[in-house]
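The next block holds one structure in the form of structure tokens; read it before the comments.
Laboratory data are not the source of any read-out in this text; all were calculated from the coordinates shown. All figures in this text were calculated on a predicted structure; none of them were measured in a lab. For neighbour counting, all protein chains shown are included, and Cβ atoms are generated from backbone atoms with ideal geometry for every residue, glycine included.
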Amino acid sequence: MDDISILKNKRTPYFVKAMNKATPFHIDLLKCIALVAMITDHVNDIILPKQEFILYSFGRLAMPLFVFIWAWNMAKQPTRWASMARRQWVWALVAQPFFSVAFYKDEPWYAANILFVFAVASQFATWVNDYADKGFKRWIDDQGVIKSVAWILTLLTVTWSVSIASYGFPGLALLGLTLICFLRKSETSSSIMSFWWAALLMLNISPSTIIAEPIAVIVYGIIPTILLPWGTMQIIEKDQSNLISRFMPKQAFYWLYAGHLGFLAFCAWVLTHFQ
């Protein structure tokens, strides 16, 4: 996924080059592909009586694509990070009841949905952008002590909660490192890319699964997480069509995310009461 410059010890991540060449049509197409992969994965978890490994593997495509889209969007609009974070917090809260009902058989009610991961990453990026030069004390002064403590406790609680069912710290690390790659554009150090690869590989690894089923984790988790996003970006980059304009309404992703969870929550309730 990288183009390596040996002389400068720098890398141009392939996903950065591909996303920067993408048209608004391609970005919407990537959103649709990621949504289909995510919904397929959720149906596999919630609706099907037995989880299908091939569907699970296809679902590994969703998170990397969402990460690429998020980082690309953030890098293009640095002045809107705060408003983007607020929107993600709102939609994460809207989607949470549906998520809890849909996954109640497999996850505790306090397991947080994936939008909280993006909200935390966007919020933290906003603060780093605003206060990197001013310092942590200035952040506390601007927020106030009570609000600062509340924010810290909120971020710690949410980070713990998303670790249950929504990628947790590896997901947050991947978001942050991918954003750094986009902001640095053509000059990303090998050390950053090493951490990036580690975060990507850790998305689908847990100590219990890698010990109990190492081959299954590698074949159905790690390999698809690497190859499927790479193949998708190859297709997008090599597309020669003249389609440029976006075709999805603004904020359609949030409506579709909350909506599909609502539908799956209803299906889960029906399956529970009428089986």
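Before moving on, here are some points about what is shown:
- Cβ-based exposure ranking for 141, 239, in which fewest neighbours within 10 Å come first: 141, 239
- Cβ-based exposure ranking for 46, 215, 236, 152, in which fewest neighbours within 10 Å come first: 215, 152, 46, 236
- At full extension, residue 153 and residue 76 could sit 24.7 nm farther apart than now, given 0.36 nm per residue minus the alpha carbon distance.
- Annotation: extensible slack from residue 274 through residue 252 equals 4.7 nm (criterion: 0.36 nm per residue apart, minus Cα-Cα distance).
- Modelled FRET efficiency - R0 41 Å, residue 266 with residue 141, Cβ distances, 0.05 increments: 0.30
- Of 158, 43, the sequence from fewest to most neighbouring Cβ atoms within 10 angstrom is 43, 158.
- Cα-Cα P(r), the chain, percent of pairs per 5 Å interval: 1, 5, 11, 16, 18, 17, 14, 9, 5, 2, 1, 0, 0, 0
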